[in-house]
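To start, the structure under review is shown below, and the notes come after it.
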Amino acid sequence: MLLNIRGKNVSITEAMNERTEKKLEFLSKYFTIDDTMRANVVVQIYPEGQKVEITITTKMGPLRAEVLGTDFYSALDLAIDKLEDQIRRQKTRLGRRHKESLSKNFVTEIEQEEDNSSDEPVRTKTVVAEEMDLSDAIMKMEMLGHAFYVYTDEETEGVAIVYKRKAGGYGLLEVEDE
């Protein structure tokens, strides 16, 4: 992740820089951290305290938190908590949205199966199986709105497919080498 820390009316120390990097490591629980992610942190001093603004650009969209605290470290902690709450709410929304539309999608799939009686593929698509863990793959599948997602599992280093089960929940197919 590319990290940019700026101070307005304050100089950024090495300790502040290290603490910010350490605190932003929590993102690895929710996202695959790569060079496309950018984190901009702006620190400003006011008579009431220090304000920390964090803006993170991800593939899924921007995350932003702005907090005024008594000092830099407390404001940073509060901003990180806000970002984590935003991520959790987004994941919950995706889950709820999917549950509501599951029955509609199921009916649509049955109608499409009846209409498509030919055995020839209608479309061919090539995918790159990115390396990630299961929870990242489920989140990516939900955010894309797909019924399955192909990825390379970090633990087994093999190709795996996570999918939505019609009975609810998720299924996992792992490819075994002969």
Checklist line | Positions within segment 14-32 being in contact with a Gly (Cβ under 9 Å, 6 or more places away or on another chain) and surrounded by fewer than 17 Cβ atoms within 10 Å (Cβ to Cβ), in sequence order | finding: none
Checklist line | Selected residue [under 21 Å from ILE33 (Cα atoms), of a type in the set (Asp, Glu) and modelled with pLDDT under 85] from GLU111, GLU142, GLU154, GLU100 | finding: GLU142
Notebook entry, point to check: Within segment 54-84, can you find the residues that are at pLDDT 90 or above, under 21 Å from MET1 (Cα atoms) and buried (at least 18 other Cβ atoms within 10 Å of the Cβ)?
Noted result: ILE54, ALA65, LEU76, ALA79, ILE80
Next item on the list: State all residues of segment 25-64 that are closer than 21 Å to MET141 by Cα, β-branched (Val, Ile, Thr) and without any contact (Cβ under 8 Å) to a residue 24 or more places away in the chain; if no residue qualifies, say none.
Entry: THR36, THR57
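So that you can scan it fast, the table gives a plain yes or no per residue for (1) within 14 Å of ALA79 (Cβ to Cβ); (2) at pLDDT 90 or above; (3) outside the structural domain of GLU130 (by TED's automatic domain parsing):
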position	(1), (2), (3)
ASN17	no, yes, yes
LYS29	no, no, yes
ASP35	no, no, yes
VAL42	yes, yes, yes
VAL52	yes, yes, yes
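The values are calculated or read from the model by the stated rules, or taken from the named source; none is laboratory data. Being a predicted model, the structure only gives us computed values, none of them experimental. A quick note on method: Cβ atoms are made from the backbone with ideal geometry, for glycine too, and the neighbour counts reach across all protein chains shown.
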